[in-house]
Each structure stands twice: as structure tokens, then as C-alpha cells.
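Asker: If you scroll down you'll find the structure; I have some questions about it.
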2 protein chains.
Amino acid sequence: MNRREFNTTLLSAAAGAIIPFNPALRINGARLNAHLAEIAQFGRNPQGGVSRVAYTEFDRQAREYTMRLMREAKLEPRIDAAGNIIGHRAGRDNSLPPLTMGSHIDSVPEGGNYDGQVGSMGAIEVAQTLSENGITLRHPLEVIIFENEEGGTYGSHAMTEGITEKQLNLVSQSGKTIREGIRFIGGDPDKISSPLRKPGDIAAYLELHIEQGGILDSEKIDIGVVEGIVGINQWEVTIDGFANHAGTTPMNQRRDAMLAAARFIDMVNRVVTSLPGRQVGTVGKLQAQPGAYNVIPGKVTLGLELRDLDAKKIDSMFEKIQAEAGAISKATGTAFSYKPTNTIVPALCDSRIQKIIESTAKGKGLSTKYMPSGAGHDAQEMARIGPAAMIFIPSRDGISHSPREFSKPEDINNGANVLLQTLIQLDN
Amino acid sequence: MNRREFNTTLLSAAAGAIIPFNPALRINGARLNAHLAEIAQFGRNPQGGVSRVAYTEFDRQAREYTMRLMREAKLEPRIDAAGNIIGHRAGRDNSLPPLTMGSHIDSVPEGGNYDGQVGSMGAIEVAQTLSENGITLRHPLEVIIFENEEGGTYGSHAMTEGITEKQLNLVSQSGKTIREGIRFIGGDPDKISSPLRKPGDIAAYLELHIEQGGILDSEKIDIGVVEGIVGINQWEVTIDGFANHAGTTPMNQRRDAMLAAARFIDMVNRVVTSLPGRQVGTVGKLQAQPGAYNVIPGKVTLGLELRDLDAKKIDSMFEKIQAEAGAISKATGTAFSYKPTNTIVPALCDSRIQKIIESTAKGKGLSTKYMPSGAGHDAQEMARIGPAAMIFIPSRDGISHSPREFSKPEDINNGANVLLQTLIQLDN
């Protein structure tokens, strides 16, 4: 039974009418945190956190649990052909595109209990709060649990850009191919194009998420208003020198690829930090060949990654890096080459929704900060088909993708309340 | 039949008498280079050079070939318990300790045709030249082909310091344990201590070798007079930072072990090259964990190697490196630790023999240069039990341990002729 008819405070909320702003409306924080504790049991690591890699048995169990919560929240769950779980509730005007919110419940190996899970349980909690308070939105409502976010936002890709046959054949972290994995969780890879949506097919997409960085925590700020999800460019950089005997080759006759790599890594750090802004640059992997104490490395391969909200800034940093590498190349007698291995363009969040998030948070006495998301999220895919926005809450010490990942219950509750109120205001 | 009695130029060379210096006495260069071409067939790589790893079938075949050459040169070959081949010829006064010379014929995988082989074939050629010219030295003569030099100078170790039970159980490059390998080539690991010699048990040890570096080649010098074999110190250096998300962790909140490693490598190069002298320092291997584009490395392990003729200089460079690493550690929020993994003390060559080599070479119109050996050799072991010295010839472009290793026939002949004359002068 729909309780709306019996809720006197909402008698004015007839089809098409505006739901009056009720700042006292709140999610049930105890229930939300209890759900987070319950889902943490699926794939729990002995040392804490979870290993709930997409397409594993733990993933499937947690998805079943999530669909049960959806039903309790009066959402009708279905699994689309890509394996996304979509919990649907009708609106007062079902000719409108749906308001969507969601996140993911898969994890990296030895991940934490908050990444994805806070936004997933939070979105279901918001739906349950609406239901319990007899609120039916004007728009249809969808809570979407995207499949395999950690492996490369496959679920949201399938909904916005499509998954290719080639991608279906890739082997995922679970050991299964994407195709096998999607089938394993109840999708139908033979109909992989059916979840595709067009721009305008959604009214908006909202995602609550932990920051996964240390800015909010170190600055003691409650809510991050996400300006966009940074672009990510990755290159495999190869440095060719000449392998030679480390004992018999004088220092001034060497063409040491490791020395060139060392100067490159230090220079990347200098170039990235010498500009104002929040761009980041990382060399996270390196292989030296042949790789012995007593041989001067003849070849080094390393991974360079640059991220920023502005794709032009990434381009200009990369140009500067290449120019400075030219000098290193000359000084060390080595040669640099660059192979782009991944390019994700920046996705800007909707500025109108950013302002709603900010004013909603401030209205609740919460401090806010505008910031980019340095990590990739399903929201960046959803931004292709409609206005998208993200709400960040603090991560203790900025730690994520680790059993030590932690966000305080009060911060989680704050984030879910901001999500609730932002959704209601967007609906109006 | 010993031809000495019939060589009129040497009638004065009765027991105990001095063999007159005969600068016209020369080795047979065509024969020496033919022997080098013949031994190159055992384990020949398709792309040139040899893969004649100790204890393999190719090693055994080349050893049989070498013993045949010894017999032709009127040396009586035997195999000691460690697997060394010792070709012996009686002297005029067999109460004297033997004059010894030699090298090795095993190679690294995909090695060249000169490292070890020039000194081995050269020593046999010198013995054959003496024999053909009817010269019997005052001292007994030994040509020693040391087993498994490339795997860690096992043969010369067995003769000077001993091989432990633990070492016998190590697995060699061939896949066999040292024990199995020694047995395979005709040694007797059950009597591994029998080859041991004491200081004074040899009159001297001489070794002709390719430089394996590019100094003689680039400076167009004919003969290197080796001052000693450098000491080698190796450390495993561990840098502990904190692994974190490369997108969400601002540049100023990172504890990036890779950045610290990069600055360390560049600093090692600066410390080593800022001092006068011929010391070398190398970082040849590096492992970053977890090793992904999008994770700031939390841990880097790298291999540091320092070499010099002076152990005190190595110590002082390492102290400087540790001190400078302290500043890198502070600036990057990382911690450095050092584990010594290998220490080989420098071995000085006998200064009297160095002068004989120099004057002999100059007497033949050859240019000379005093220099350290940056590589390890059996001579450094033999220096423990008697005066030892090495004669270097140029390596084209300084390339060694490679199929591209090359030394010119005329340089090989020059080296063998200097070896011959040095031996004769030492005998007197």
C-alpha cells in the first residue's frame, strides 16, 4: 500500500504540484549504516574490508541482498542485459524521463567497505525515506547499481556508449570474460546494446560517494560539491639506452636508461607541481631490463598518468614533459618514446545541480567545498546522457581501495540527507 | 720428445740458468685465432657468440676440446675435484712452486667469443710456443681452466678459499646444483677441499683477458696493465612510502616511493661522478609496488652497486649516499633501509708484475695504460695465494657478455705475446 494518501503533510503534493521543501525530512541513519554493515559480510576479508570483485560469487550474493533492500524500499528491481540492477518506482508524471541515482557494490581485491557501497545503500535509503513518508516524485525514480565499476565502469558504459564485442571478450579480474561475467550475474550479453540510452533519456543522475582522497578530511569539510570527474591520460613511456657491464663501463660512457627514467620521474613531479591547480601526475609502474645489480639497464618501460578537469591542461603538461625529456635524452644518450594507452576525457558536473547541492548542504549547517573528482566514476558516463552530479563525503586519511578505507556514520548520513533533498529539489 | 736440447739459441738455458730475453720470440697468432674460432663452435648462438653455460653439454664438449689442445701443447691435463682443468708441465727445478696462468671457457647465456676464451686459448698458445721453441722454464708451469667463472668464480674459489656445502647445494644457471655440475664435468664434490692451496703454493698467476669495457678501445691503447680487481658492494635498498589512489591524492599529500627512488638514483649518479677517480655506481634493478598506472607506489625495492679498487672509497661513497637519502626521505615522506647483499673486497695486482707487463709491452712498441678491472675475475681469487696480475686487451665499443663482443686478432696476438714474455721474465 502506498502511504502517500494518508500523509497529511503532503496532501498538496498532487500530480504535477511542487513538494514543499521540508528541511526536517531525514533519512534513517541507523538503518543506512546497518545496511552498510550487512553488505560488508559478502566477501569480507579476514583483516577487514571486502574482496568483492565483479562477477564473483560474493558479487552475486551482494547483488541479491541489494535487490531485497530495493523491494523493501518499494523499488521494483530488474537486471538489464548488461547486468545493471535497476530499481524503478513510478512517478506522478510517467511521461517524464526518470530521475536516476546510484553507484556500485563491486570492489577491488582487498578493497574497503565504503567505495560504491555508501552511494548504493544511500540511494536505496533515500528511496525508502520517500516511500515511508508517502512521497511520490513527479518524475519516475530509478536507483541503479552499476555492474563492474572497478573493472572499468562497464555497466554505465553499456548504458551510455555501448560495450563492444572485443570488450566482451576481455578477461576480467574475476577470471571470467566480461561476457561470461555478465551472464553470471543475470545479464544477457547477446543483447548488450539493449540498455543503451540517448541524451535526454534521463532527467538527471546523482551519485553520493566517498572522496577517496584526503582533502575533505584534512580540511575538516563535510560535503564535497563535485565540479567534474577528471580526464585521465595514460602513456607507456619507453626509454632506450644501452645495456652494459656495470663494472667495466665508465660513468661517462654509459647510456643508462634507469638514470634517464629517474630524471624523467623527478621532472614529471616538478612540471605537475609547478602549475597552479589541482592536476596530478604519477609514475606508478616501472620495469627495467635486464634488471640485475651488475648490468646498466638498456631499457626502461614506465607508466605515466596525468589527470585534470581540463583536457587542454593535460595536453600542455604532456607537451612540457616531452620537451624536458628531450634534454634528459641528450644528457643521458637515451631515446624516449610515448604510446598512449588510455584516454578518458573529463566529464563536467551540471552547474545547476552543483548549486543545489551546495545550498542544500549549507541549509543543513554543513560546510562545503567545490572540488574535482580525481577518481573515475559511473557519473562520468551518465553525464553523456543527462545532467549528472556527485556528492562527496570525507574519507579518513584519504585512504581508499584498502581495508583501511573509512567514513564516519555521521558523514554518511549527512551525504544521504543532501542526496535526498537535492533529489526532491531537482524533481520540482 | 722435448725439443729443447736441439734449440741452439737456448743452449744456455740449463737448469737454474736464466733464459736470455728474446724479444723476437712470438706466439703463433694464426693458430691462436684458429683455436678461438674452433672453440666458438661449442654452444654457438644462431646470431653469433656462444651460450656455453657452465655444467651444460656444450661446456663439457669445449672442455674436452681444451684438454686436447693442452696435450698438443705438451701439457698434461688433469681435472681436480672442483672440476678445474690443470695442464701441467715440469720445470727445471720442480721444488719451486708453479708459475700459473689461465682463465675460463664457460660463458653467460648469449655471451661472446672472447670473454675467458682469449685468456684460456692464449695461455695454451704460450705453453705451446715454449714447447715448440724447446724452452723449459725453471718453475713448473700450470695452465688452469677454471670451472664456472661466470656463475661466481667457483673453480678459483675452490682453489683458494674453499666451497661450502651450502654453496654445493645452490642451483646454477644450468639448472644443476653446483654439486651435480661439478660431478657432470668430471670433478668430485665429495673431495671439494682437496684443490685448496695455501699462500705461497704458486709462484705467480697471470691472466690475459679482454677489457670488457670501452676505455682501451676509445683511447686507442693496445694493452691495459691491471692495477687490481675492484671491490664490489651491493645493497638491496627498500623505500617505504604509502600506496594511494593516483587520482584522488593531491600532490602535496603523497608519500610516493617512486619519486623518492627517482631522486635516489639521480643522487647516486651525482655522488659517484662528483669524485675524481674511476669508481662506478649503478642502480640496475627496481621493483615498484603495487605497480599500476593509477596507484602511487607505496614501496620500491632497488639494487645499488658500488665498485672501486679502494674499499675505503666505497665506504665513503655509501656514507654520502645514505646522508643525501636522508634529505630525500624527509622531502618525500618516505623511509630508506639498506640490506647488504654482496661484498667482494678489492684485490690488488702485484706491482712488480705490473711493471714487467708495462715494460714488456713498451718493448714491443705497444701503448699501455694502468687501469682497474671493473669486472670480477679468477685472478682476484688467485691473488689470495700468490702474486697475481692481469693483461687487458681492447673490447670493441666496450661491449661484453653479448654476441657483439669483439676483439681484433692483432690485439689478441699482442696480448698473448705480452703474456709469453712476462711469464719468461717472471721465471727468471
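The values are calculated or read from the model by the stated rules, or taken from the named source; none is laboratory data. The structure presented is a predicted model; accordingly, all values stated were derived computationally and were not measured. Cβ atoms come from the backbone with ideal geometry, glycine included; neighbour counts cover every protein chain shown. What goes into the accessible areas is simple: the full protein's heavy atoms, side chains included, and nothing from ligands, DNA or RNA. Shrake-Rupley method; radii C 1.70, N 1.55, O 1.52, S 1.80 Å.
Asker: Counting each pair of different Cα atoms once, what's the Kirkwood radius of the stretch A:79-136 in Å, rounded to one decimal? Mind dumping the intermediate values first?
Answerer: Working: mean 1/r = 0.0755 Å⁻¹.
It is 13.2 Å.
Asker: Please state the equivalent ellipsoid semi-axes for chain A: what are the square roots of 5 times the Cα gyration tensor eigenvalues, largest first, in whole Å? Show your work: numbers first, answer last.
Answerer: Values: eigenvalues 400, 105, 75 Å².
With the √(5λ) rule applied to chain A, the semi-axes are 45, 23, 19 Å.
Asker: Across peptide A:267-273, how many C-beta atoms of other chains are within 10 Å of each residue C-beta, on average?
Answerer: Working: counts 1, 2, 8, 0, 0, 1, 3.
Per-residue shielding by partner chains comes out at 2.
Asker: Something else now. Checking the a/c ratio against 1.5 first, then a/b against b/c, what shape does the Cα gyration tensor give for the stretch A:121-162? Kindly include the intermediate steps, with their values, before the conclusion.
Answerer: Values: a/c = 6.48, a/b = 2.16, b/c = 2.99.
Taking the square roots of the gyration eigenvalues as a ≥ b ≥ c, the stretch A:121-162 is oblate.
Asker: Could I ask something else about it? Using only Cα atoms and rounding to the nearest 10 degrees, what angle (0 to 90) does helix A:257-274 make with the longest principal axis of chain A?
Answerer: The two axes meet at around 40 degrees.
Asker: What residues qualify as long-range amide H neighbours of A:Glu211, i.e. H under 5 Å apart, gap of 5 or more or another chain, H built at 1.01 Å from N?
Answerer: Those qualifying (amide H under 5 Å, at least 5 residues apart or on another chain) are A:Ile393, A:Ser395.
Asker: Counting DSSP beta bridges with both partners in the protein assembly as shown, what percentage is antiparallel, nearest 5?
Answerer: Details: 94 of 136 bridges.
Here the share of antiparallel DSSP bridges comes out near 70 percent.
Asker: In addition: Charges at C-beta only: +1 for Lys and Arg, -1 for Asp and Glu. How large is the resulting dipole of the protein assembly as shown about its Cα centre, in Debye rounded to 20? Before the final figure, lay out the partial values.
Answerer: Numbers: 90 positive and 98 negative charges, 115 e Å.
Value, rounded to 20: 560 debye.
Asker: Output the Cα-based Rg and Dmax of the stretch B:281-428 in Å, rounding Rg to one decimal and Dmax to a whole number.
Answerer: Both quantities, over Cα of the stretch B:281-428: 21.5, 70 Å.
Asker: From the phi angles alone, apply the Karplus equation (6.51, -1.76, 1.60; θ = phi - 60°) to the stretch A:355-365 and give each ³J(HN,Hα) in whole Hz, x where the residue is Gly or Pro.
Answerer: Each residue of the stretch A:355-365 in turn: 5, 5, 4, 4, 5, 4, 4, 4, x, 9, x Hz.
Asker: Could you tell me the total accessible area buried at the B-A interface, probe 1.4 Å, in square angstrom to the nearest hundred? All intermediate terms of the calculation are to be shown ahead of the outcome.
Answerer: Numbers: alone 18420 and 18470 Å², together 32540 Å².
For chain B against chain A, roughly 4400 Å² becomes buried.
Asker: Once the label point is placed 7 Å from Cα along Cβ, list for A:Asp310 the distances to the corresponding points in the other copies, in nm, shortest first.
Answerer: Copy-to-copy label distances for A:Asp310: 5.4 nm.
Asker: Something else about it: What pairs from B:Lys166/B:Lys191; A:Lys220/A:Lys312; B:Lys220/B:Lys364; A:Lys285/A:Lys339; B:Lys74/B:Lys362; A:Lys166/A:Lys285 go past 21 Å between their alpha carbons?
Answerer: Details: B:Lys166/B:Lys191 15 Å; A:Lys220/A:Lys312 31 Å; B:Lys220/B:Lys364 16 Å; A:Lys285/A:Lys339 15 Å; B:Lys74/B:Lys362 30 Å; A:Lys166/A:Lys285 26 Å.
Over 21 Å apart, Cα to Cα: A:Lys220/A:Lys312; B:Lys74/B:Lys362; A:Lys166/A:Lys285.
Asker: For A:Leu25, what residues show an amide H to amide H distance below 5 Å, using hydrogens built from the backbone and excluding near sequence neighbours?
Answerer: none
Asker: Bin width 5 Å, origin at 0, all Cα-Cα pairs of the stretch B:159-298: what percent of pairs per bin?
Answerer: 2, 7, 10, 10, 10, 12, 12, 13, 10, 8, 5, 2, 1, 0
Asker: If you don't mind, there's one more thing I want to ask. Which ³J(HN,Hα) values in Hz, rounded to whole numbers, follow from the phi angles of the stretch A:63-74 under the Karplus curve 6.51 cos²θ - 1.76 cosθ + 1.60, where θ = phi - 60° and Gly and Pro get x?
Answerer: Couplings: 5, 5, 4, 5, 5, 5, 4, 4, 5, 5, 8, 6 Hz.
Asker: Separate question: With a 1.4 Å probe and all protein chains left in place, how much accessible area per residue does the stretch A:231-344 have, in Å²?
Answerer: Details: 4490 Å² over 114 residues.
For the stretch A:231-344, the per-residue accessible area is 39 Å².
Asker: Under 11 Å from the 7 Å Cα→Cβ point of B:Ala292, by amide nitrogen: which residues of the stretch A:75-104?
Answerer: The answer is none.
Asker: Right, something else. How large is the Kirkwood hydrodynamic radius of the stretch A:317-371, counting all unique pairs of alpha carbons, in Å? Write out the running numbers ahead of the final one.
Answerer: On the way: mean 1/r = 0.0641 Å⁻¹.
Evaluated on the stretch A:317-371, it is 15.6 Å.
Asker: Between 0 and 90 degrees, rounded to the nearest ten: what's the tilt of helix B:117-132 against the longest Cα principal axis of chain B?
Answerer: Tilt relative to chain B: about 10 degrees.
Asker: Quick one: among A:Asp315, A:Asp397, A:Asp222, which has the greatest mean-square fluctuation in a GNM of chain A with alpha-carbon springs under 10 angstrom?
Answerer: Ranking A:Asp315, A:Asp397, A:Asp222 by mean-square fluctuation puts A:Asp315 first.
Asker: Provide a whole-number value for the mean count of partner chain Cβ atoms within 10 Å of the Cβ atoms in peptide B:233-239. It would help to have the intermediate numbers written out before the result.
Answerer: Values: counts 0, 3, 1, 1, 0, 0, 0.
That works out to 1 on average.
Asker: Among B:173-184, B:278-289, how do they line up from the highest to the lowest mean number of other beta-carbon atoms within 10 Å? If you can, show how the numbers build up before the last one.
Answerer: Working: B:173-184: 20.1, B:278-289: 23.0.
Averaged packing, sorted descending, gives the order B:278-289, B:173-184.
Asker: Hey, which aspartates and glutamates would be in cross-link range of A:Lys313, C-alpha to C-alpha under 15 Å, not counting anything within fewer than 8 residues on its own chain?
Answerer: Result set, ordered by chain and number: A:Glu305.
Asker: Leaving out ligands, DNA and RNA, what percent of the accessible area of the stretch B:319-386 is carbon and sulfur, probe 1.4 Å?
Answerer: Numbers: 1710 of 3150 Å².
The nonpolar share, carbon plus sulfur, comes to 54 percent.
Asker: Here is a follow-up. With a ≥ b ≥ c taken as the square roots of the eigenvalues of the C-alpha gyration tensor of the stretch A:91-242, please select rounded if a/c is under 1.5 and otherwise prolate if a/b is larger than b/c or oblate if it is not? Display every interim value, and only then the final one.
Answerer: On the way: a/c = 1.93, a/b = 1.27, b/c = 1.51.
Oblate, since a/c reaches 1.5 and b/c is not below a/b.
Asker: Most mobile of B:Gly116, B:Gly241, B:Gly376 per a Gaussian network model of chain B (Cα springs, under 10 Å)?
Answerer: B:Gly241
Asker: Would you work out if the stretch B:21-67 is rounded, prolate or oblate? Take a ≥ b ≥ c from the square roots of the eigenvalues of the alpha-carbon gyration tensor; rounded if a/c is under 1.5, else prolate when a/b is larger than b/c, oblate otherwise.
Answerer: Verdict is prolate for the stretch B:21-67.
Asker: In whole Hz, what ³J(HN,Hα) sequence does the stretch A:165-177 give by Karplus (6.51, -1.76, 1.60; θ = phi - 60°), x for Gly and Pro?
Answerer: Whole-Hz 3J(HN,Hα) from phi for the stretch A:165-177: 4, 4, 5, 4, 8, 5, 8, 8, 3, 6, x, 7, 5.
Asker: So if the hydrodynamic radius of the protein assembly as shown is defined as the Kirkwood radius over C-alpha pairs, what does Stokes-Einstein give as its diffusion coefficient at 4 °C and 1.567 mPa s, in µm² per second? Working shown, then result.
Answerer: Working: Rh = 31.6 Å.
Calculated translational D: 41 µm²/s.
Asker: Then there's this: Per-residue mean of other chain beta-carbon atoms within 10 angstrom of the beta-carbon, peptide A:256-264?
Answerer: Partner-chain Cβ atoms within 10 Å, mean over residues of A:256-264: 6.
Asker: Protein chains only, probe 1.4 Å: how do B:Leu99, B:Leu170 rank by accessible area, largest first?
Answerer: Values: B:Leu99 5, B:Leu170 85 Å².
Final ranking, largest accessible area leading: B:Leu170, B:Leu99.
Asker: Where along chain B is the Cβ that lies nearest the axis linking it to chain A, and how many Å separate them?
Answerer: B:Ala262, 2
Asker: Can you compute the equivalent ellipsoid semi-axes for the stretch B:261-302, i.e. the square root of 5 times each eigenvalue of the Cα gyration tensor, sorted largest first and rounded to whole Å?
Answerer: Values: eigenvalues 155, 18, 7 Å².
After scaling each eigenvalue by five and taking roots: 28, 9, 6 Å.
Asker: Listed highest first by mean packing, meaning other Cβ atoms within 10 Å per residue, what order do B:126-133, B:106-113 come in? Each step should come with its number before you reach the end.
Answerer: On the way: B:126-133: 21.2, B:106-113: 23.4.
My ranking of the peptides, most packed first, is B:106-113, B:126-133.
Asker: Now, a different point. Students often check this: by mean Cβ neighbours within 10 Å, which of A:266-274, A:412-420 ranks highest, and how do the rest follow?
Answerer: A:412-420, A:266-274
Asker: Kindly provide the helix-only [θ] at 222 nm of chain B, computed as the sum of -39,500 (n - 2.57) over DSSP H runs of four or more divided by all residues, to the nearest 500 deg cm²/dmol? Don't skip to the answer; put the middle values down first.
Answerer: Numbers: 12 runs with 142 residues, N = 428.
Roughly -10500 deg cm²/dmol at 222 nm, from the helical runs in chain B.
Asker: How big is the stretch A:231-344 by Rg and Dmax over its Cα atoms, in Å?
Answerer: Every Cα atom of the stretch A:231-344 included, Rg and Dmax give 14.8, 49 Å.
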